[in-house]
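*Asks:* After the structure tokens below, expect a handful of questions from me.
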Amino acid sequence: MGLDIIRLHGEHVHKAILAGTEGTDDMLKLPARVDSMLAVVATFANRDARVAADLPDLVGPCRRSSQDSNASPYAPASRTPRRKTPRTV
């Protein structure tokens, strides 16, 4: 997000410290990598009895949500101080 602030409002940024920086092109993960990370998180969630009681299947709802958003993408409108008319992002 820091890189986006600099890109969009660089004239107002005099100094910045960025740690653990990933460019926007590096943030996209391959689906198989996301699935494996989600499986690891689900394993840890199932080990916690409080989480497992409320959400016994973490992967299923995430997968359904992903399928739903692929079928019907959400396109919010956004405004910035410079842009008075909404822009779909």
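*Asks:* All but one of (1) β-branched (Val, Ile, Thr); (2) assigned to a loop (DSSP other than H, G, I, E, B); (3) at pLDDT 90 or above hold for residue 41, so report the exception by its number.
*Replies:* (2)
*Asks:* Could I ask something else about it? Under the condition of being outside any helix (DSSP H, G or I) and β-branched (Val, Ile, Thr), which residue from the stretch 1-20 is surrounded by the most Cβ atoms within 10 Å (Cβ to Cβ)?
*Replies:* Once the filter is applied, the top-ranked residue is 13.
*Asks:* Out of 30, 38, which single residue is exposed (fewer than 10 other Cβ atoms within 10 Å of the Cβ), within 15 Å of the chain's Cα centre (by Cα) and among the aliphatic types (A, V, I, L, M)?
*Replies:* Testing whether each residue is exposed (fewer than 10 other Cβ atoms within 10 Å of the Cβ), within 15 Å of the chain's Cα centre (by Cα) and among the aliphatic types (A, V, I, L, M) leaves just 30.
*Asks:* Sticking with this one: Under 9 Å by Cβ, and 6 or more places apart or on different chains, what pairs join a residue from the stretch 68-88 that is free of Cβ contacts under 8 Å to residues at least 12 places away in the same chain and surrounded by 10 or more Cβ atoms within 10 Å (Cβ to Cβ) with one that is polar (S, T, N, Q) and assigned to a loop (DSSP other than H, G, I, E, B)?
*Replies:* 79/85; 87/80
*Asks:* Just to be sure before I move on: is residue 57 in a helix (DSSP H, G or I), without any contact (Cβ under 8 Å) to a residue 24 or more places away in the chain and surrounded by 11 or more Cβ atoms within 10 Å (Cβ to Cβ) in the structure I sent?
*Replies:* Here the answer is no, as residue 57 does not meet what is asked.
*Asks:* Tally up the residues in the stretch 21-31 that are farther than 30 Å from residue 53 by Cβ and part of a helix (DSSP H, G or I), please.
*Replies:* Looking only at that region, the number is 0.
The values are calculated or read from the model by the stated rules, or taken from the named source; none is laboratory data. Please read all numbers here as calculations on a predicted model, not as lab measurements. Neighbour counts run over all protein chains shown; Cβ positions are idealised from the backbone, glycine included.
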